Amino acid sequence: MDITTRNLFLLLRAGAFGQQDKVEPMSAWKWRKTHQLAVAHGVDAEAYEGLEVVSDQYFAQLVPDDLRTQWAESAGESRRRGADNATELPPRLAKRLEQIAEKNPEAKVDGQMLETMARLAYALLTDDYWLRQLLVLGEMVRETGRQVNREQLQKWVRQMGLTRMAQLEGTMLVRLMGVQADELPMLMPRRSDALVPQVDAIASAIPHGREQWAFQQGKHIFVHTDNASAMVWNARRSVRFFTYSPRESLSQLFSSFARSLTNIEE
């Protein structure tokens, strides 16, 4: 994880949870990159709040004045929009959540936690604003985590086939957002450090963003891709999450493949 990504998570922890870890020294160019990452992932408002929280620290005072102004403006715009960039769930997962909610109308807090966990799981598989979804889950854990019926939630997670993904999400909250393990409503892996390398790898990939590809034919007999590296990148991402959610990772890969085929240009 590079320094811009580390400082981004530091700002998010400060803005969302009031933690004041030490800001690492960065050049003006790297601070601008951190702001760009925050904007790209829909967390610029929380990151700016974090910058305000740590403003007394020496290295936070090295942020250029024009960038602070630009950051404040983008944060204000994000608050006015009020959009949370919620990941749209595939029909199968959405249907399962709907069935659980219908059978358990009294368990609204548990149901909301389950839905947020499912959205983060699918956001990770698709690289679709997962950082925003992680922040939303962390805030929900802090606000309502202790009200959740853990046994019931874990039962529902198993029914949806998301047990391993839930463990990964819990490790991400502890590692990246500073949430305490005893606050988590989901079941953590037996070895608390077992998933740390995977979490660090996922966090380190943030600057790359999502890569898309499409198939084309043109004047050639055979169909070919316009971005082979993006296709390989998507395949590797699906493989990375296969052990956590085999069915959904394969489904996402095939869905991306199918969407790309629809873009064939004659």
So how many residues does the stretch 31-67 have that are in contact (Cβ under 8 Å) with a residue 24 or more places away in the chain, open to solvent by 30 Å² or more (accessible area, probe 1.4 Å) and more than 15 Å from residue 10 (Cβ to Cβ)? 3
Residue satisfying condition, being of a type in the set (Asp, Glu), more than 26 Å from residue 146 (Cβ to Cβ) and not in a loop (DSSP other than H, G, I, E, B), within set 49, 88, 73: 73
Residue under evaluation residue 80, criteria (1) open to solvent by less than 80 Å² (accessible area, probe 1.4 Å); (2) part of a helix (DSSP H, G or I), criterion not met: (1)
Breaking point among (1) open to solvent by 70 Å² or more (accessible area, probe 1.4 Å); (2) within 30 Å of residue 34 (Cα to Cα), for residue 122: (1)
Looking at (1) surrounded by 24 or more Cβ atoms within 10 Å (Cβ to Cβ); (2) at pLDDT below 90; (3) small (Gly, Ala, Ser), which is the only condition residue 170 fails? (2)
Is it the case that residue 97 is in a helix (DSSP H, G or I) and within 30 Å of residue 155 (Cβ to Cβ)? yes
What are the residues in the stretch 101-119 that are more than 17 Å from residue 173 (Cα to Cα), open to solvent by less than 60 Å² (accessible area, probe 1.4 Å) and not aliphatic (A, V, I, L, M), if any? 104, 110, 111
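For the stretch 127-141, does any single residue satisfy the condition of being aliphatic (A, V, I, L, M), open to solvent by 10 Å² or more (accessible area, probe 1.4 Å) and closer than 24 Å to residue 14 by Cα?
Filtering the stretch 127-141 down to residues aliphatic (A, V, I, L, M) leaves 131, 134-137, 140-141.
So of that shortlist, the ones also open to solvent by 10 Å² or more (accessible area, probe 1.4 Å) come out as 136, 140.
So of that shortlist, the ones also closer than 24 Å to residue 14 by Cα come out as 136, 140.
Taking every residue of the stretch 127-141 in turn, at least one turns out to be aliphatic (A, V, I, L, M), open to solvent by 10 Å² or more (accessible area, probe 1.4 Å) and closer than 24 Å to residue 14 by Cα.
Look at the stretch 1-25 and say how many of its residues are over 16 Å from residue 57 (Cβ atoms) and open to solvent by 40 Å² or more (accessible area, probe 1.4 Å). Walk me through how you get there before you give the answer.
Pass one, the stretch 1-25, residues over 16 Å from residue 57 (Cβ atoms): 1-2, 4-5, 16-17.
After this cut, where a residue has to be open to solvent by 40 Å² or more (accessible area, probe 1.4 Å) as well, the list is 1-2.
The total comes to 2.
The values are calculated or read from the model by the stated rules, or taken from the named source; none is laboratory data. From a predicted model like this one, the values you see are computed outputs, not experimental measurements. Heads up, the Cβs are rebuilt from the backbone with ideal geometry, glycines too, and the neighbour counts pull from every protein chain shown. Side chains are part of the model used for accessible areas, which takes the heavy atoms of the whole protein and leaves out ligands, DNA and RNA. Shrake-Rupley method; radii C 1.70, N 1.55, O 1.52, S 1.80 Å.
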